[in-house]
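Working notes, beginning with the structure itself.
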Amino acid sequence: MKSENERETIAVIGLGASGDAAARLALAKGARVHVTDASSEDAVAARGAALRDLGAEIRLGGHELEKIAAADTVVVSPGIPPTAAVLAALRARGVDWISEPEFASRFIQGPLTIVTGTNGKTTTAALSAHLLREAGVDVALGGNIGGSLGPPASTLAANRPSAERFVLELSSFQLADIRDLTPDVGVMTNLGVDHMDRYATVEDYHRDKRRLFDAGDDNTTWVLNGDDGAVLEMARGVPGPRLTFSLETSAVPGAWLDTDRLMVDTGRGARRVAEAADVRLVGRHNIANTLAALLAAAASGASLDGARRALRSFAPLPHRLEPVGTVDGVRWVNDSKATNVAAAAGALGSLNGPVVLLVGGTDKGEDFGDLADAMRGRTRAVVAYGAAGPRAAAEMAGRGPPVECVDGTFEEVVEAGRRFARAGDTLLLAPACSSFDMFENYEARGAAFRALASEAARAAR
């Protein structure tokens with residue numbers, strides 16, 4: 001047993017789900033652990049108390065810089081922005097840090113699939129894991145995927161370090177601070193604009209996404225969106241074999257949509273693995289996500305012989321174009337996970353018939369006018385709300401449909417949308433914003449919308 005002086009010291013900055021998981025993993029591996037968070041709110045304090053009982057040293061309501069700088073390894077939670085004062089102070093001292101998934105990867109013993117992109121990464125990661133599982137592979141799913149879909153990477157490393165395959169969804173925040181984590185399979189679903197509340201420029205955001213390619217090597221198989229020029233440009237010159245997926249043209253080696261057939265050719269000849277009708281997910285963009293997931297599974301060595309059956313058994317994920325009810329002939333669709341303009345535009349493009357769009361929340365700095373093309377000819381009205389509501393309303397005004405800005409509760413926002421809707425319409429929650437002005441996260445926002453749909457359906461009976 002190592003002496004106290006021989007034990008590695010780990011400092012964890014940020015006590016959200018990822019920080020909590022990293023601290024627990026470090027404690028399980030015998031490290032001395034110092035956890036710090038600028039907040040001392042109830043949820044953070046509760047996590048801190050539980051970790052203190054396990055032997056961690058906890059500092060809440062501020063940071064003890066000397067303690068952090070003296071650690072052998074500093075792990076930073078993804079919610080800590082690079083401009084945070086504590087990181088600036090560490091940077092000035094020449095102290096480096098890593099992300100929570102990078103720390104977890106030290107203890108992961110199986111091959112690793114990493115999925116990232118601006119939109120579709122959760123669906124692609126979850127569907128890839130499902131295809132692998134249905135093909136008989138012992139797969140562990142986690143990372144940024146969150147909620148009930150999968151735990152942080154550190155939890156997987158602690159509980160399932162020897163799975164046959166690890167599938168991790170990673171955000172740009174997590175990719176920014178990876179160092180030695182190397183994917184066996186790397187997937188880039190698409191590249192757009194997001195998180196302009198955190199990044200100064202789109203180029204800064206894309207630079208963090210590019211860390212995925214920097215992390216690979218000659219043995220990494222890349223799964224790339226052949227219809228996205230930004231993805232192909234970012235991957236230019238990156239070593240390792242590549243597979244592309246496309247909705248527009250045949251992609252060899254890769255996967256593509258041929259009328260209504262899902263085709264795959266990884267170098268052994270083209271084969272139809274399923275029909276578009278086998279995919280239970282709503283929207284053309286989800287066909288692209290499905291093609292990416294098929295390639296990721298195939299690159300992991302899984303057979304696609306049972307792909308059709310597996311696709312039919314994969315249920316739509318919550319808060320992602322999730323139908324939650326029909327009231328007075330109006331279909332309610334919950335796409336609370338559409339937290340950027342591109343995702344909201346994709347949701348609009350996936351639905352038939354007139355749409356009443358609910359958009360707003362915490363302002364991420366994007367141009368809401370970019371929704372104009374997606375709204376044209378399909379949107380009856382827009383209800384803007386929340387912190388971003390006034391700007392969203394101003395930028396979408398005059399683009400076709402009437403726009404109403406509601407300064408009120410979420411219930412009042414939804415009720416305003418109902419007043420615009422007619423039988424045969426869709427009431428769509430696709431906020432194009434994060435949720436933190438009104439809700440703890442996008443799941444809570446989607447759950448509130450779902451509950452209002454149920455309440456309205458009961459009242460209409």
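Any chance you could count how many residues in the stretch 292-336 are within 15 Å of ARG271 (Cβ to Cβ) and open to solvent by 50 Å² or more (accessible area, probe 1.4 Å)?
Number of matching residues: 3.
Would you point out the residue of the stretch 437-460, among those that are in a loop (DSSP other than H, G, I, E, B) and modelled with pLDDT under 95, that is most open to solvent (accessible area, probe 1.4 Å)?
Start the filter on the stretch 437-460 by keeping residues that are in a loop (DSSP other than H, G, I, E, B), which leaves 437-441.
Still in the list and also modelled with pLDDT under 95: 440-441.
Numbers: GLU440: 149, ASN441: 45 Å².
Once the filter is applied, the top-ranked residue is GLU440.
For the stretch 342-368, name all the residues that are open to solvent by less than 10 Å² (accessible area, probe 1.4 Å), part of a helix (DSSP H, G or I) and either more than 21 Å from PHE449 (Cα to Cα) or not aliphatic (A, V, I, L, M) (or both).
Across the stretch 342-368, the qualifying residue is only PHE368.
Hey, among ARG380, ARG308, which residue is over 30 Å from PRO241 (Cβ atoms), modelled with pLDDT of 95 or more and among the basic types (Lys, Arg)?
Values: ARG308 fails: over 30 Å from PRO241 (Cβ atoms).
So the residue among ARG380, ARG308 that is over 30 Å from PRO241 (Cβ atoms), modelled with pLDDT of 95 or more and among the basic types (Lys, Arg) is ARG380.
If I filter the stretch 27-37 for residues that are small (Gly, Ala, Ser) and in a helix (DSSP H, G or I), do I get at least one hit? I'd like the intermediate steps shown before the answer.
Going residue by residue through the stretch 27-37, those that are small (Gly, Ala, Ser) are 28, 30-31.
From the residues that got through so far, the ones that are in a helix (DSSP H, G or I) too are 28.
Scanning the stretch 27-37 turns up at least one residue that is small (Gly, Ala, Ser) and in a helix (DSSP H, G or I).
In the set PHE107, PHE103, which member is touching a Ser or Thr at 6+ places or on another chain (Cβ under 7 Å), open to solvent by less than 60 Å² (accessible area, probe 1.4 Å) and among the aromatic types (Phe, Trp, Tyr)?
On the way: PHE107 fails: touching a Ser or Thr at 6+ places or on another chain (Cβ under 7 Å).
Going through PHE107, PHE103 in turn, the sole match is PHE103.
Return the only residue of GLY110, GLY94, GLY136 being in a loop (DSSP other than H, G, I, E, B), out of contact with any Gly (no Cβ under 8 Å at 6 or more places or on another chain) and within 24 Å of ALA315 (Cβ to Cβ). Walk me through it before giving the result.
Working: GLY110 fails: within 24 Å of ALA315 (Cβ to Cβ); GLY94 fails: within 24 Å of ALA315 (Cβ to Cβ).
One residue alone meets the criteria, GLY136.
Restricting to the stretch 178-205, give me the number of residues that are open to solvent by less than 30 Å² (accessible area, probe 1.4 Å) and either in a loop (DSSP other than H, G, I, E, B) or touching a strand residue (DSSP E or B) at 6+ places or on another chain (Cβ under 6 Å) (or both). Spell out how you get there, then give the answer.
Step one: of the stretch 178-205, the residues open to solvent by less than 30 Å² (accessible area, probe 1.4 Å) are 178, 181, 183, 185-189, 191-192, 194, 199, 205.
Next, only the ones that are either in a loop (DSSP other than H, G, I, E, B) or touching a strand residue (DSSP E or B) at 6+ places or on another chain (Cβ under 6 Å) (or both) stay: 178, 181, 183, 185-189, 191-192, 194, 199.
Selection size over the stretch 178-205: 12.
Take the stretch 251-262 and flag every residue that is open to solvent by 70 Å² or more (accessible area, probe 1.4 Å) and outside any strand (DSSP E or B).
Start the filter on the stretch 251-262 by keeping residues that are open to solvent by 70 Å² or more (accessible area, probe 1.4 Å), which leaves 252, 259-261.
Passing the criteria: VAL252, THR259, ASP260.
The values are calculated or read from the model by the stated rules, or taken from the named source; none is laboratory data. Remember, it's a predicted structure, so these values are computed and weren't measured experimentally. No Cβ is skipped: glycine too gets one built from the backbone with ideal geometry, and neighbour counts run over all protein chains shown. Side chains are part of the model used for accessible areas, which takes the heavy atoms of the whole protein and leaves out ligands, DNA and RNA. Shrake-Rupley method; radii C 1.70, N 1.55, O 1.52, S 1.80 Å.
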